[in-house]
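Derivation of every value follows stated rules applied to the coordinates shown; laboratory data play no part. All figures in this text were calculated on a predicted structure; none of them were measured in a lab. Don't worry about glycine lacking a Cβ; one is built from the backbone with ideal geometry, like all the others, and counts go over all protein chains shown.
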Amino acid sequence: MSDAKEQSHDQNAETEVTDIEDGVNERALLRKLDWRLLPAVGVLYLLSFLDRSNVGNARIEGMVSDLHMTGNQYLTGLTVYFIGYVLFEIPCNVILKKTSPRLWLPTLTIAWGVVATLLGGIGKMAGVIWSNGWRWIFILEGIATVIVATIAYWFIENYPDTAKFLTKPEREFIQTRLAADCDAMIKEEFTWSAVLEAVRDPNCWLYSLGFHTMSLPLYTLSLFLPTIISNLGYTAAKAQLLTIPPYALAGDWIHHFACKH
């Protein structure tokens with residue numbers, strides 16, 4: 001019995017040593033980072049995702065009939081967006097390396113919010129106040145994105161070594177951990193040889209395939225779920241509301257999983 005207690009005491013002592021290193025409590029630091037970084041980045045991503053998927057909600061509010069679009073034209077419009085999305089991935093990341101996250105991420109989100117707002121003016125508007133409901137989906141969500149992204153300039157942090165909300169030991173601790181985990185802390189110039197090396201790496205292609213297979217059902221669900229529910233006989237308003245439960249359940253599960261692990 002005493003051996004079991006002694007072993008338990010040793011394990012607790014080892015855990016405390018692991019959690020507190022160089023005067024830094026790792027668990028407390030991770031919690032501090034989560035509360036400081038995740039809300040701002042999470043809200044930006046949420047608004048960005050809503051702006052890129054609200055076309056599915058606009059469709060059942062009369063967008064297709066107002067713009068005299070056929071089914072194939074609607075699908076083509078969705079495809080064109082993703083072509084541009086893929087083509088500008090690399091240039092955007094290069095610019096991010098040349099500038100800073102605090103400058104580039106909110107700027108990108110503001111630009112996309114402006115585009116999303118202007119989507120409400122596609123075609124001929126009968127007047128802002130009397131416009132159809134689908135236009136307001138774009139306008140209101142786009143304006144909300146611009147407002148939140150503007151505020152984000154004061155909340156997005158650049159890098160651990162410049163984060164003012166961290167103490168000096170905490171900054172050094174994070175930099176050491178990042179350097180040990182990967183080469184993200186190493187600043188290197190862009191070279192085409194590195195691009196070719198990545199293209200030849202089978203792991204990159206496997207990762208791309210995995211990301212594609214994950215994104216395909218996600219965007220299919222977000223873009224076509226309102227239409228599927230509407231075709232079951234529900235009104236547009238009820239169909240919009242019935243698209244919420246899957247995302248609410250997924251968010252609750254992710255929160256539960258993150259807290260446990």
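Let me know the volume per residue of the alpha-carbon convex hull for the range 37-180, in Å³.
Cα convex hull per residue, to the nearest whole number: 127 Å³.
Of Leu67, Asn25, Ala144, whose Cα points farthest to the positive end of the dipole of the chain (charges on the beta-carbon: +1 Lys, Arg; -1 Asp, Glu; origin at the Cα centre)?
The one lying farthest along the dipole's positive direction is Leu67.
Specify the inter-centroid distance of the range 73-95 and the range 208-236, based on alpha-carbon positions, in whole Å.
Each part reduced to its Cα centre gives a spacing of 18 Å.
Mind checking which of Ile95, Leu108, Thr76 is farthest towards the positive end of the chain's charge dipole, using Cβ charges of +1 (Lys, Arg) and -1 (Asp, Glu) about the Cα centre?
The residue sitting most towards the positive pole is Thr76.
What are the extents of the Cα atoms of the chain along their three principal axes, in Å, largest first?
Result for the chain: principal-axis Cα extents of 76, 53, 39 Å.
At a Förster radius of 51 Å, what calculated FRET efficiency corresponds to the Cβ-Cβ distance of Ala179 and Phe224, to the nearest 0.05?
0.70
Which residue, chosen from Ile229, Gly123, Ser48, occupies the Cα position most advanced towards the positive end of the dipole of the chain, where the dipole is computed from +1 (Lys, Arg) and -1 (Asp, Glu) charges on Cβ about the Cα centre?
Gly123
Testing the spin-label approximation: label points 7 Å from Cα along Cα→Cβ at Phe190 and Leu87. State their distance in nm.
1.7 nm
How many lysine pairs are close in the chain, with Cα atoms under 29 Å apart and the two 8 or more places apart or on different chains?
Eligible lysine pairs with Cα atoms under 29 Å apart amount to 16.
Classify the range 194-261 as rounded, prolate or oblate from the Cα gyration tensor: take a ≥ b ≥ c as the square roots of its eigenvalues, call it rounded if a/c is under 1.5, otherwise prolate when a/b beats b/c and oblate if not.
Oblate, since a/c reaches 1.5 and b/c is not below a/b.
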